[in-house]
Amino acid sequence: MVSSEKLIVGLRGSNLSMTQGRLFSDLLRDQFATELRFIKTSGDTKSENFGKESALRDKVDWIKEIEESLVDGKIDAALHSAKDVPVEVDSSTELVPLPDPASRFDVLVSSSKVATLADLPKNASIGTASERRSSQLLALNPEFKIVEVRGNVETRLGYLETKNLDAVVLAEAGLNRLGLSPANTIRLEPPVFIPAINQGILVVQVRKE
């Protein structure tokens with residue numbers, strides 16, 4: 001039976017965040033009624049104005065306003081993708097990982113069918129804003145052209161056409177959670193391509209009290 005107590009959960013307002021929020025609510029449905037509260041972060045604002053403002057400072061931008069709402073007591077919990085959480089969070093809070101993580105791997109979505117990264121054109125243009133992904137791609141082929149792209153999953157997939165990219169690199173977990181299955185997708189696995197620490201894991205930030 002759902003408790004009469006309502007848990008207010010803060011999260012970003014992208015389609016992926018909303019989907020992850022519903023997953024979290026389903027996990028708690030036998031204990032709490034939940035209310036999802038969507039909060040625009042500095043990262044969202046800078047992404048929308050990409051090219052007009054400075055580059056993103058660091059991972060803090062993706063959780064800043066949500067964390068502030070948690071510390072101020074405006075929300076009861078914050079839901080994040082663990083790979084977007086900085087090393088240090090507010091000392092009055094703690095992090096709790098959710099069970100059943102999704103895929104830990106990155107995927108390459110290309111504009112034409114390829115079986116491996118090596119099948120891309122030698123000077124292929126590949127979209128990503130991740131330094132980790134960029135450095136690994138250039139280590140594999142220094143002639144790849146890295147194009148910095150930002151935005152939600154759907155926006156970055158759209159850049160294959162609007163920016164005439166040969167490929168984009170995304171987290172497989174995000175595609176799976178959104179129910180997206182783009183054509184010409186291949187999984188990038190170790191030892192060829194190393195995923196981010198905590199990729200595919202959702203984490204809840206709560207006040208220690």
**Item:** Hits in segment 69-89 (condition: at pLDDT 95 or above and either outside any loop (DSSP other than H, G, I, E, B) or open to solvent by 30 Å² or more (accessible area, probe 1.4 Å) (or both))
**Value:** 69, 70, 71, 72, 73, 74, 76, 77, 78, 79
**Message:** Please go through segment 146-157 and give me each residue that is at pLDDT 95 or above and either open to solvent by less than 30 Å² (accessible area, probe 1.4 Å) or part of a strand (DSSP E or B) (or both), ordered by number.
**Reply:** 146, 147
**Asked** Looking at 209, 143, which is the one that is surrounded by fewer than 19 Cβ atoms within 10 Å (Cβ to Cβ) and touching a Ser or Thr at 6+ places or on another chain (Cβ under 9 Å)?
**Response** 209
**Request:** Would you tally the residues in segment 90-102 being at pLDDT below 95 and in contact with a Lys or Arg (Cβ under 8 Å, 6 or more places away or on another chain)?
**Result:** 1
**Asked** Out of all the residues in segment 176-194, which are open to solvent by less than 30 Å² (accessible area, probe 1.4 Å) and at pLDDT below 95?
**Response** none
**Asked** Going by the structure shown, is residue 162 of a type in the set (Val, Ile, Thr), over 15 Å from residue 20 (Cα atoms) and surrounded by fewer than 15 Cβ atoms within 10 Å (Cβ to Cβ)?
**Response** yes
**Message:** From the list 95, 175, 170, exactly one residue is within 30 Å of residue 209 (Cα to Cα), in contact with a helix residue (DSSP H, G or I) (Cβ under 9 Å, 6 or more places away or on another chain), in contact (Cβ under 8 Å) with a residue 40 or more places away in the chain and not in a loop (DSSP other than H, G, I, E, B). Which is it?
**Reply:** 95
**Matching residues in segment 112-145 - criterion: being outside any helix (DSSP H, G or I), at pLDDT 95 or above and small (Gly, Ala, Ser)** = 124, 125, 127
**Request:** Look through segment 12-55, keep the residues that are farther than 18 Å from residue 97 by Cα and assigned to a helix (DSSP H, G or I), and return whichever of them is modelled with the highest pLDDT.
**Result:** 15
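The values are calculated or read from the model by the stated rules, or taken from the named source; none is laboratory data. This is a predicted model, so every value here is computed, not measured. Positions of Cβ are backbone-derived with ideal geometry, glycine not excepted, and every protein chain shown enters the neighbour counts. In case anyone asks, the SASA skips ligands and DNA or RNA and just uses the protein heavy atoms, side chains included. Shrake-Rupley method; radii C 1.70, N 1.55, O 1.52, S 1.80 Å.
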